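Visitor: Just dropping this structure here.
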Amino acid sequence: MINIDRESIVPMYVQLASALRERIRRGEIPVGRRIPSHHELEQETGGAVSRRTIKSAIEVLQAEGTVQGVQGKGVFVIAVPAGTSAEDDGNG
């Protein structure tokens, strides 16, 4: 489940992008794997976000070079976000 705080001053698309980025950092969505579809993300947020919000979050991740869309296939992880690795537990 992805928790989105509708009352936060942080835009919902930024919250969603951060949640997906964290999953990638932890290795839950490894490089080469497809991120959840729009429909799956709607379900994971309990319907808290619109398709436009999801699209905006994915655009953020695409702009930073973390994911890439493949027409007709989905959006795939192409890199772990800079400054982190999937193995990094933050205690090093």
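The values are calculated or read from the model by the stated rules, or taken from the named source; none is laboratory data. This is a predicted model, so every value here is computed, not measured. We place every Cβ from the backbone using ideal geometry, glycine too, and count neighbours over all the protein chains shown. Ligands, DNA and RNA are excluded from the accessible area calculation, which covers all protein heavy atoms including side chains. Shrake-Rupley method; radii C 1.70, N 1.55, O 1.52, S 1.80 Å.
Visitor: Yes or no: the stretch 41-58 includes at least one residue that is acidic (Asp, Glu) and open to solvent by 60 Å² or more (accessible area, probe 1.4 Å).
Guide: No: zero hits.
Visitor: So, one more: Please state which of the following conditions residue 27 fails to meet, knowing it meets all the rest: (1) buried (at least 17 other Cβ atoms within 10 Å of the Cβ); (2) within 15 Å of residue 78 (Cα to Cα).
Guide: (1)
Visitor: How many residues does the stretch 30-39 hold that are surrounded by 13 or more Cβ atoms within 10 Å (Cβ to Cβ) and not basic (Lys, Arg)?
Guide: Selection size over the stretch 30-39: 4.
Visitor: Give the number of residues within the stretch 62-81 that are out of contact with any Ser or Thr (no Cβ under 6 Å at 6 or more places or on another chain) and either in a strand (DSSP E or B) or under 13 Å from residue 31 (Cα atoms) (or both).
Guide: So the count comes out to 12.
Visitor: Tell me, which residue of the stretch 1-24 that is among the basic types (Lys, Arg) and either free of Cβ contacts under 8 Å to residues at least 12 places away in the same chain or under 18 Å from residue 80 (Cβ atoms) (or both) is surrounded by the fewest Cβ atoms within 10 Å (Cβ to Cβ)?
Guide: 23
Visitor: Suppose we keep only residues that are in contact (Cβ under 8 Å) with a residue 40 or more places away in the chain and in a helix (DSSP H, G or I) within the stretch 41-53. Which one would you say is nearest to residue 10 (Cα to Cα)?
Guide: 53
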